[in-house]
Every structure is written in structure tokens, then in C-alpha cells.
Amino acid sequence: MCVGIPAMIVSINNDKAFSAIVDVEGVRREANIALLADPADPLREGDWVLLHVGFAMSKLDEAEAKSTLEFIRALGSVYDEEVDALRGQDSA
Amino acid sequence: MSQFNDFRDPRAASKVLKRITELADGQPHRKFMEICGGHTHSIYRHGLEELLPQNVELVHGPGCPVCVIPMGRIDDAIHIANQPNVTFCCFGDMLRVPGGKSNLLEARARGADIRVVYSPMDVLTIAEREPERDVVFLAVGFETTTPSTAVTVLEAKRRKLSNYFVMSNHIRIIPAIKAILDSKDLDLDGFIGPGHVGTVIGNHPYAFVASDYEKPLVTAGFEPLDILESVMRLLAQKADGRCEVENQYTRAVRDAGNPVAIDVIDKVFTVRPHFEWRGLGSIEHSALMFRDEFAEFDAERRYAVPGVQIADPKACQCGEVLRGAIRPWECKVFGTACTPETPIGTCMVSSEGACAAYYNYGRFNKSPRIPVTAV
Amino acid sequence: MGHDAVDRERLHARIEEWRRRPMRLHDEVITSAHGAGGKASQALLNSVVFPAFEMTGAAMDGAVLQVTAKHDLVMTTDSFVVTPRQFPGGSIASLAVNGTVNDLAVMGATPRWLSVAFVLEEGLPIDEFRDTVAEIALAATEAGVRVVTGDTKVVGRGAADGLYVTTTGIGIRQDGIKLGPGEVQPGDVVLVSGNIGDHGIAVIQARGELDLVSDVRSDCAALHTLVGDLLASGAEVRWMRDPTRGGVASSMNELAMDAELGVRLREENLPVSRTVNGVCELLGLDPLYVANEGKLLAVVSPETADKALTALKHHELGRNSAVIGVVTSENSGIVVLETLFGGTRVVDMLVGDPLPRIC
């Protein structure tokens with residue numbers, strides 16, 4: 001069952017254990033955050049989580065997301081640079 | 001936030017495709033299996049397969065927990081749903097999975113109180129709201145979903161619910177991968193690894209694939225860029241002569257996984273000695289059942305289910321499709337006797353099943369693949 | 001002796017008078033008596049239905065419609081059974097009018113007359129029935145149609161989910177309007193008048209079972225003036241449809257099959273609101289298969305596509321109009337979608353209900 005989507009924590013429910021409201025593109029739903037209960041690093045508003053069947057499974061690491069995207073976007077340019085470098089060598 | 005949606009950026013995709021083409025150039029025909037049904041769905045939904053070079057083939061594996069449920073278990077579920085006073089809850093995908101003679105959708109039409117839920121927690125809500133009903137949840141899924149069921153059961157225990165039960169069909173990914181790797185007709189060069197299972201079990205349980213079976217595995221996210229990047233990494237490994245387990249889905253998967261989730265699974269469930277998988281036969285230690293401390297919630301203990309093993313129909317080649325031995329359209333009944341409207345095997349029912357995904361998304365394109373002209 | 005006879009005559013006359021008096025409606029809920037055709041039925045009709053539609057009792061049998069020569073009559077009928085009966089942006093009442101008005105409009109007809117038949121469940125509060133009727137009357141006025149005849153039946157508790165409505169509409173179409181799958185040609189352009197999936201998502205949300213909160217509203221609206229603008233623009237319109245149940249995907253499949261041609265849609269051109277997208281992601285639904293109740297699909301000639309798009313965008317219901325695809329000669333009978341990545345996939349006919357996908 002692999003439908004897991006990024007959702008942002010909008011508010012942590014203080015009255016109900018392990019409950020938060022999350023937002024997916026403007027749609028809100030209650031989510032169970034028991035699986036991410038870590039007293040050393042509790043979930044906060046604004047955190048992004050992976051939501052699956054109403055449960056937060058993993059805290060999404062924005063820095064990792066950014067670095068993955070940067071890596072992918074840089075793909076072409078690294079190649080292009082190499083090609084340019086090769087061309088430069090040939091003509092030298 | 002658009003940052004996570006950027007994993008669908010077509011411009012970035014074309015860069016990855018360009019790199020894939022370069023890497024694939026000169027390599028022999030490569031077959032990579034994506035194990036997870038969610039990956040199959042994403043591949044077809046975005047039409048990724050036809051963008052790959054001719055010599056890179058994606059093979060669809062058994063990671064659809066709906067697909068692998070044997071007909072006998074569906075009959076067991078229908079049996080429970082038909083018991084007096086039962087409110088039977090399941091995910092939407094389960095309704096049309098064929099049992100021996102019928103399915104849950106038909107059982108509902110004939111009067112069983114069967115309700116579709118989005119989350120296991122919804123079932124608790126129903127149980128509390130309708131204390132006079134016996135509310136049974138059909139729990140399905142790999143390790144991605146198992147912790148959610150476990151948390152719900154623990155909560156049910158805390159709330160002292162006496163009208164809440166679960167029929168567990170939770171299965172484990174590692175025995176499934178091992179079963180594929182052990183199969184004699186295996187012809188694969190690497191794996192696109194289950195990303196969401198990985199968020200729970202972590203990346204290191206996959207290490208044996210490279211170390212014991214010498215196949216590379218890249219744990220992948222589910223967006224098009226994730227899948228393409230993972231194919232690229234597999235090709236790079238092949239080009240370099242490496243054989244490793246990599247994590248492409250670093251934003252969600254940590255090497256150690258989610259310890260809380262792993263613990264909660266272990267607290268509530270224990271491993272069945274063996275379990276029947278549709279098309280794959282019996283696999284040892286591949287499924288979970290309730291520990292004795294939670295016997296009060298076990299639907300199988302409460303309702304004497306027939307437990308009949310029904311052989312797959314002769315015509316059905318789901319097993320071969322699930323093992324990657326044949327492609328969906330190579331099954332003799334694909335598209336003729338077996339269609340989404342009249343599914344013979346569950347590969348055709350769940351939208352993640354290789355056959356359904358192919359039928360719904362890729363049907364007309366099945367012959368010569370258009371060579372990639374990545375811009 | 002004579003005195004007695006006169007008294008009795010007067011008494012009989014008075015009784016006749018009382019008998020002729022219309023029964024007053026005192027009930028709070030619909031009962032089987034209201035469906036029996038007798039006084040209770042009359043009371044219900046007199047009190048609730050006739051005043052709303054400015055009808056008299058004679059209208060319940062039939063209405064005479066005056067048309068002139070040089071016009072075709074177009075007729076359509078539809079039943080409405082939606083639950084819940086109220087949802088953000090609409091209700092069973094507005095659907096009942098607009099759904100039928102739109103079916104006439106996409107056939108190129110000017111909607112004129114409506115019949116309304118109710119099946120009411122015993123126990124339905126009469127106030128709700130009254131409100132529903134008032135809403136229908138309002139929607140009809142806004143759509144420029146008159147409700148001219150109708151019927152009411154009452155069924156026992158447990159049937160009818162409260163209230164079912166069937167509306168039949170008749171419109172007038174000028175001679176010479178040529179619309180239909182036979183007119184469609186390869187190269188023709190497919191347009192949609194705005195964001196898809198709003199209605200279906202609004203109803204799912206209103207059902208409350210899936211516990212979602214969003215601001216999605218049904219797009220329920222009468223399309224006849226939008227269609228009018230399109231036809232008046234000079235664009236060469238070949239085929240029109242309002243994509244209700246089964247969504248854009250189903251209508252496009254019908255087009256492809258009926259015209260025996262292919263349809264190629266472009267994913268990046270499909271107008272979908274952010275929140276509809278969000279709900280679809282959450283539930284594993286595809287917006288292409290979700291119902292709409294205020295959207296127009298039109299197939300026009302490629303030369304006049306710009307004209308058509310401009311006309312649609314000018315109208316308040318068509319602001320988000322877009323070109324979403326083309327008709328092709330290859331892949332006859334099949335609808336194909338070009339994905340954001342340049343890949344392609346088949347958009348097949350829906351099988352059964354679009355079940356929210358977890359996997």
C-alpha cells in the first residue's frame with residue numbers, strides 16, 4: 001500500500017494524544033502522529049511528513065529534498081561542462 | 001509546498017533521461033524490477049516506460065499487497081462480512097478482488113454491511129459510534145501499513161473496545177524479495193527498491209540483495225524524478241561494475257528506518273510460519289498474525305473462517321507476472337478473458353497490479369517502443 | 001315536515017361546501033397519505049408545489065407547449081438521487097434543474113420547459129420538501145425555464161433516501177444546427193470551460209466519511225448562456241457534452257467511440273484546482289474521472305478554436321477555459337493522455353465506481 005504523500009503539520013492537537021491536523025495542497029485532515037513520537041525531537045507546526053492511510057510515517061527532510069533536486073538539476077550542466085572541457089582540449 | 005512537487009518537474013526529468021540514455025548506450029539489455037505496486041502505478045500514470053531507451057526494461061514485481069491475497073482469504077473475508085451483526089471495513093482496493101466465486105462488492109450488494117475506509121483509525125471511530133455492531137477491519141499491506149494497524153489495535157486496547165476486530169493479511173517484503181531472487185526463472189539485473197516500506201524498515205535490510213545475490217538495489221521515491229533517478233543509478237552501477245544498495249529516497253528513508261514503527265509492529269504481531277501468496281505459492285515467515293496478548297482483537301480466532309485453499313484458475317498466469325517471468329500482455333488471457341471488468345486474477349483488479357496498470361495506462365503502446373529523443 | 005326538508009337541504013349544501021374546501025396542510029412530515037392521491041396529496045400540492053411554480057391543478061396531468069415551425073424540439077430526462085442532498089455549492093434541487101438544462105444546452109437547444117417528479121420518503125420533513133421546491137423554482141427562473149407539470153409519489157420509510165427527483169426538459173432548437181459525433185473530424189480541437197473535478201470532490205467531502213476539510217465547492221450551474229455565447233461566436237462547433245458522472249474521461253471515451261476516432265489529451269493543459277488535486281492525491285482519485293456539474297466540453301474546428309476559446313473565457317462560467325486536446329485519426333476509439341513528461345498513457349472507460357485508492 002504505497003500511496004504516501006507529503007503533508008504539512010498545521011497544528012498539533014493538545015487535547016488528543018498523537019493527533020495533528022495536516023494540510024495537503026489546501027485540504028486538511030486529522031493525522032495520527034504516534035509513529036513519529038520522539039520526545040527528543042517532537043513534531044512541530046510547519047514540519048513536513050509523509051502521510052499514509054491517515055498516519056504520519058516519516059518526517060520529510062527538506063535539506064535532503066533540496067539536495068536531491070539540486071543533484072538532478074545539475075545533471076545536464078555537469079555533462080555539458082565536461083563536453084565543453086573536452087572540446088576545449090580538442091581544439092587546444 | 002512546491003518543493004516536494006518539484007519531483008515532477010518535466011525539465012529536470014529530461015536531464016535524467018539524457019543521462020540514462022548515455023549510460024545505457026553500449027550496455028546489454030537491462031531488466032530492472034520495481035517491487036512496489038506504487039512504483040508500477042507511478043510509472044504507468046506518467047508514461048515513464050516509453051521514455052526509457054530500448055535496452056532498459058522495467059519488470060513489475062509482487063509488491064502489491066492487494067494483488068497477492070489468494071482467493072481463499074477473500075472468501076474468508078466474505079464469510080466474516082456475512083456473519084450477523086458484523087460491520088466489515090476495508091480499503092477501497094479490496095472490494096473487487098476476486099474470491100473463489102464472489103467478491104466483497106457483490107457481498108455488499110447482497111446485504112453485507114461492508115464499508116470503505118481511508119484509515120484504520122476510521123474503523124475505531126465506527127466501533128465506538130456503533131457499540132452494538134461487531135466491527136471488523138480487513139488489514140492489508142506491507143510494512144508501510146502494518147504499523148498503522150498496530151497503533152490502532154493498541155489504541156483499541158487502551159480504550160477497552162470489545163466490538164473491534166482485525167483480520168490480518170499483513171505481509172513482509174524481505175521474504176517476498178527473497179522468493180523472487182530464489183526463483184529459477186529469474187532474469188533480472190537489479191531492483192528499484194520499495195521506498196515507503198523503507199521508511200519503516202530502513203535501508204539496511206535490503207543489503208542482502210547485493211551481498212548475497214549480487215544484484216544492485218536502489219531504494220526509490222515515488223515521484224517520476226525519483227524513479228528516473230533510481231534507474232539512472234542502477235545503470236551507473238552496471239556501467240561501473242558496482243553492486244550496491246543505494247538510497248535515492250533520502251528525504252524520507254533513513255538507514256535505520258523508523259524505530260518506533262518497527263517496535264510497534266513487533267509489540268502487536270508475530271510472524272506466521274508460512275502464508276499463501278497468490279501466484280507465488282507458500283512463502284515461509286512472510287506474514288504476520290496477532291500475538292496472544294492481542295487475541296481478543298483477532299477476527300480469525302473469533303470467526304471460524306473456512307480457510308479453504310483455492311487454487312488459482314488454470315488460465316491465470318498471475319504468478320508468472322508477479323515473478324517477472326512474463327509481461328502482462330504475454331499472459332494468455334490478458335485483455336481477453338481477463339480485463340478490469342472481468343478480472344480472473346488480482347493483477348488485474350488492483351490499479352497497482354501490473355496487468356491493470358498496463359491495461360488502463362499502457363495498452364495501446366505495447367509493441368515497438370518509440371526510441372527516446374530526450375531533449 | 002317542510003321545515004325539516006329545507007334544513008336538510010341547507011345542511012347538505014353546507015356539507016358540500018365544506019367538502020369542496022381544500023384541505024389545509026398541518027403536517028410536519030411526509031406520510032403515506034401524501035402519496036395516496038387524495039386530500040392529503042392535494043393539500044401538499046396546494047400548499048407547497050403549486051405556489052412555487054405558479055401552477056394550477058390542471059398542470060399535473062400535462063402542459064400544452066406552443067412552438068412554431070422551423071424549430072426542432074429537444075427532450076431529455078434525468079433522475080437525481082444524490083446524497084447528501086445539500087453540499088457546498090449546490091443541492092439536489094439545483095442539480096435537478098441545471099443537470100437537465102445543461103443536457104438540452106449541449107444539444108444546441110434553448111431550454112424552455114421542465115417537468116418535475118418527486119419520490120418522497122415517508123418521514124421527510126415537509127419544511128425540507130418546501131425548501132427543495134423553492135430552490136428548484138429559483139434555479140428554474142435563473143435558467144430561464146418554466147416548470148409546467150410534475151408528479152409526487154410517497155414511498156415507505158427506508159426507500160428513496162429521503163427524496164428523489166426526476167426532471168424532464170424540453171428545449172427548442174433552430175433548424176440547421178449540426179452537432180454530434182458524425183460532425184467530428186481529425187484535427188478538431190477539444191476545449192473545456194474550466195476546472196475539472198469540483199463537483200465530485202465537493203460531494204465526497206460533504207458525505208463526511210473521509211473526514212476532509214477543504215474549500216471545494218460544486219460547480220453546479222446552468223450552461224445555456226455559455227453555450228449560447230459559444231454558438232454565437234461564429235466558431236464551428238462539432239460536438240458538446242457536459243461531463244457529469246464519470247468525468248471528462250468518460251465523455252471523451254464516448255466521443256472517441258461514437259465518432260470512431262482517437263482523442264489525445266495533454267495533461268499539462270487540464271485545469272484542476274489545487275485543492276481538488278490535493279483531495280485526489282490523498283484519496284488516490286484521478287480528476288479526469290470525477291464528476292462535474294457546470295462544465296462544458298466542446299469540440300471545434302481547428303481554424304475557429306481561438307474564437308471559441310475567447311468566447312468561453314469572456315463568460316463568467318468559462319474564465320478558466322482551456323484547450324485540452326485534439327481529435328486524431330489514429331487510435332480510433334481510444335483516449336490517450338500525453339503526460340507532463342511526454343510519455344503517454346491510455347485513459348480508459350471507468351470500470352465500476354472510482355474507488356478511493358489506498359495503494
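If C:Thr310 meets every condition in (1) more than 14 Å from chain A (Cβ to nearest Cβ); (2) without any contact (Cβ under 8 Å) to a residue 24 or more places away in the chain apart from one, which number is that one?
Result: C:Thr310 passes all but (2).
Please give the number of the condition B:Thr152 fails out of (1) part of a helix (DSSP H, G or I); (2) within 13 Å of chain A (Cβ to nearest Cβ); (3) surrounded by fewer than 24 Cβ atoms within 10 Å (Cβ to Cβ).
Status for B:Thr152: all satisfied but (3).
Taking region A:16-33, which residues are within 16 Å of B:Thr125 (Cβ to Cβ) and more than 10 Å from every other protein chain (Cβ to nearest Cβ)?
A:Lys16
Output the residues belonging to region B:171-215 that are assigned to a strand (DSSP E or B) and touching a Pro at 6+ places or on another chain (Cβ under 8 Å).
Scanning region B:171-215 gives B:Ile171, B:Gly190, B:Phe191.
Return a yes/no flag: does region B:183-191 have any residue that is away from chain A (no Cβ under 14 Å), at pLDDT below 95 and within 24 Å of B:Val140 (Cβ to Cβ).
yes
Answer yes or no: is there a residue in region C:265-279 that is more than 14 Å from chain A (Cβ to nearest Cβ), surrounded by 18 or more Cβ atoms within 10 Å (Cβ to Cβ) and in contact with a Phe, Trp or Tyr (Cβ under 8 Å, 6 or more places away or on another chain).
No.
Farther than 17 Å from B:Val68 by Cβ and more than 9 Å from every other protein chain (Cβ to nearest Cβ), is that true of B:Lys178? Reasoning before the result, please.
Details: farther than 17 Å from B:Val68 by Cβ: no; more than 9 Å from every other protein chain (Cβ to nearest Cβ): yes.
No; evaluated as a whole, the condition is false for this residue.
Condition (residue is of a type in the set (Gly, Ala, Ser), surrounded by 18 or more Cβ atoms within 10 Å (Cβ to Cβ) and at pLDDT below 95) applied to region C:291-310: is it met by at least one residue?
Yes, region C:291-310 contains a residue that is of a type in the set (Gly, Ala, Ser), surrounded by 18 or more Cβ atoms within 10 Å (Cβ to Cβ) and at pLDDT below 95.
Would you confirm whether any residue within region C:280-292 is among the small types (Gly, Ala, Ser) and in contact with a strand residue (DSSP E or B) (Cβ under 9 Å, 6 or more places away or on another chain)?
No: region C:280-292 contains no residue that is among the small types (Gly, Ala, Ser) and in contact with a strand residue (DSSP E or B) (Cβ under 9 Å, 6 or more places away or on another chain).
Can you tell me which of (1) modelled with pLDDT of 95 or more; (2) assigned to a loop (DSSP other than H, G, I, E, B) is the one C:Trp239 doesn't meet?
(2)
For region B:251-298, please list each of the strands (runs of 3 or more DSSP E) lying entirely inside it that holds at least 2 residues being of a type in the set (Asp, Glu) and either within 14 Å of chain A (Cβ to nearest Cβ) or over 24 Å from B:Asp134 (Cβ atoms) (or both).
none
Look at region B:124-149 and say how many of its residues are in a helix (DSSP H, G or I) and either among the hydroxyl-bearing types (Ser, Thr, Tyr) or under 22 Å from the mean Cα position of the chain (by Cα) (or both).
Adding up the residues that qualify gives 5.
Which one of these does C:Glu316 not meet: (1) in contact (Cβ under 8 Å) with a residue 60 or more places away in the chain; (2) within 16 Å of C:Asn195 (Cα to Cα)?
All conditions are met except number (1).
Residue by residue through region C:224-270, note down the ones that are without any contact (Cβ under 8 Å) to a residue 60 or more places away in the chain and of a type in the set (Ser, Thr, Tyr).
Answer for region C:224-270, where residues must be without any contact (Cβ under 8 Å) to a residue 60 or more places away in the chain and of a type in the set (Ser, Thr, Tyr): just C:Ser251.
Name, by its number, the condition in (1) within 20 Å of the chain's Cα centre (by Cα); (2) farther than 28 Å from B:Thr149 by Cβ; (3) surrounded by fewer than 23 Cβ atoms within 10 Å (Cβ to Cβ); (4) within 14 Å of chain A (Cβ to nearest Cβ) that does not hold for B:Ala236.
So the condition that B:Ala236 fails would be (1).
Do we find a residue being in a strand (DSSP E or B) and not β-branched (Val, Ile, Thr) anywhere in region A:59-76?
yes
Can you find even one residue in region B:44-65 that is among the acidic types (Asp, Glu) and out of contact with any helix residue (DSSP H, G or I) (no Cβ under 8 Å at 6 or more places or on another chain)?
Scanning region B:44-65, I find at least one residue that is among the acidic types (Asp, Glu) and out of contact with any helix residue (DSSP H, G or I) (no Cβ under 8 Å at 6 or more places or on another chain), so the answer is yes.
Filter region B:20-59 for residues that are among the hydrophobic types (A, V, I, L, M, F, W, C), in a loop (DSSP other than H, G, I, E, B) and at the interface with another protein chain (Cβ under 9 Å from one of its Cβ atoms) and give the result.
B:Leu48, the sole residue that qualifies.
Provide a single number: the residues in region C:152-209 that are of a type in the set (Val, Ile, Thr), within 23 Å of C:Arg245 (Cβ to Cβ), assigned to a loop (DSSP other than H, G, I, E, B) and within 24 Å of the chain's Cα centre (by Cα).
1
Which one is surrounded by the fewest Cβ atoms within 10 Å (Cβ to Cβ) among residues in region B:195-228 that are in contact with a Cys (Cβ under 9 Å, 6 or more places away or on another chain) and within 13 Å of chain A (Cβ to nearest Cβ)?
B:Phe222
For region B:155-170, give me each residue that is assigned to a loop (DSSP other than H, G, I, E, B) and within 14 Å of chain A (Cβ to nearest Cβ).
B:Arg159
Take region A:34-62 and flag every residue that is more than 19 Å from C:Thr275 (Cα to Cα), crowded, with 22+ Cβ neighbours inside 10 Å and more than 9 Å from chain B (Cβ to nearest Cβ).
A:Ala56
Condition first: surrounded by 13 or more Cβ atoms within 10 Å (Cβ to Cβ), in contact with an Asp or Glu (Cβ under 9 Å, 6 or more places away or on another chain) and modelled with pLDDT under 75. Can you find one or more residues in region C:43-54 that meet it?
no
Could you check region C:250-338 for strands (runs of 3 or more DSSP E) lying wholly inside it with 2 or more residues that are outside the structural domain of C:Ser94 (by TED's automatic domain parsing), touching a Ser or Thr at 6+ places or on another chain (Cβ under 6 Å) and not acidic (Asp, Glu)?
C:262-266
Kindly indicate which of C:Ser218, C:Ser214, C:Ser193 is hydroxyl-bearing (Ser, Thr, Tyr) and within 14 Å of chain A (Cβ to nearest Cβ).
Values: C:Ser218 fails: within 14 Å of chain A (Cβ to nearest Cβ); C:Ser193 fails: within 14 Å of chain A (Cβ to nearest Cβ).
Criteria check complete, one pass: C:Ser214.
The values are calculated or read from the model by the stated rules, or taken from the named source; none is laboratory data. This is a predicted model, so every value here is computed, not measured. Note that each Cβ is placed from the backbone with ideal geometry, even for glycine, and that neighbours are counted across all protein chains shown.
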